[in-house]
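Peer 1: Take a look at the following structure, please.
Each value in this text was obtained by applying a stated rule to the coordinates, not by laboratory testing. It should be emphasised that the depicted structure is a prediction, and the values quoted were computed from it without experimental measurement. All Cβ positions, glycine included, derive from the backbone under ideal geometry; neighbour counts span all protein chains shown.
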Amino acid sequence: EAAVAAPVLPCSGRGTALSPRDAELLLAQLSSPRQVAQLSGVYTVGRVAFLRQNAGVRELAAAGAIQPMAACLRSAHEEVRRLAVVGLSIVSRYGPEVIE
């Protein structure tokens with residue numbers, strides 16, 4: 001039997017930058033139907049935006065993470081919705097000129 005590899009989580013708390021691999025995983029997490037994946041994704045968005053401010057929001061926008069993050073506001077899970085609100089409020093501090 002082949003061993004099952006552990007999932008790789010983006011920005012697992014050790015750094016603030018969003019690598020291309022992190023961005024790929026982040027989008028998968030935000031669009032996942034699994035609560036734990038969504039929680040990891042919305043937490044990552046909030047953390048990157050908070051720690052890197054304008055640069056972080058630009059990275060998130062370039063990765064295409066803003067719309068999937070907003071879609072998490074419709075999650076069936078209260079904690080996912082709460083963290084999505086927090087993350088989007090951090091993102092919104094930098095205004096549309098950063099996101100566009």
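Peer 1: Return the loop-located trypsin sites (Lys or Arg not before Pro) in the range 23-59 (DSSP other than H, G, I, E, B) with at most 16 other Cβ atoms within 10 Å of their own Cβ; answer none if there are none.
Peer 2: ARG34
Peer 1: Let me ask you something else. Taking H as built 1.01 Å from N, whose amide H comes closer than 5 Å to the amide H of SER31, not counting residues under 5 places away?
Peer 2: Hits under the 5 Å cutoff: none.
Peer 1: With θ set to phi - 60° and the Karplus curve 6.51 cos²θ - 1.76 cosθ + 1.60, what are the ³J(HN,Hα) couplings of the range 28-36 in order, to the nearest whole Hz, using x for Gly and Pro?
Peer 2: So the J values, rounded to whole Hz, are 5, 5, 4, 9, 6, x, 7, 4, 5.
Peer 1: Ok, one more. Going by a ≥ b ≥ c, the root eigenvalues of the Cα gyration tensor, does the range 37-100 fall in the rounded group (a/c under 1.5), the prolate group (a/b larger than b/c) or the oblate group?
Peer 2: The shape class here is prolate.
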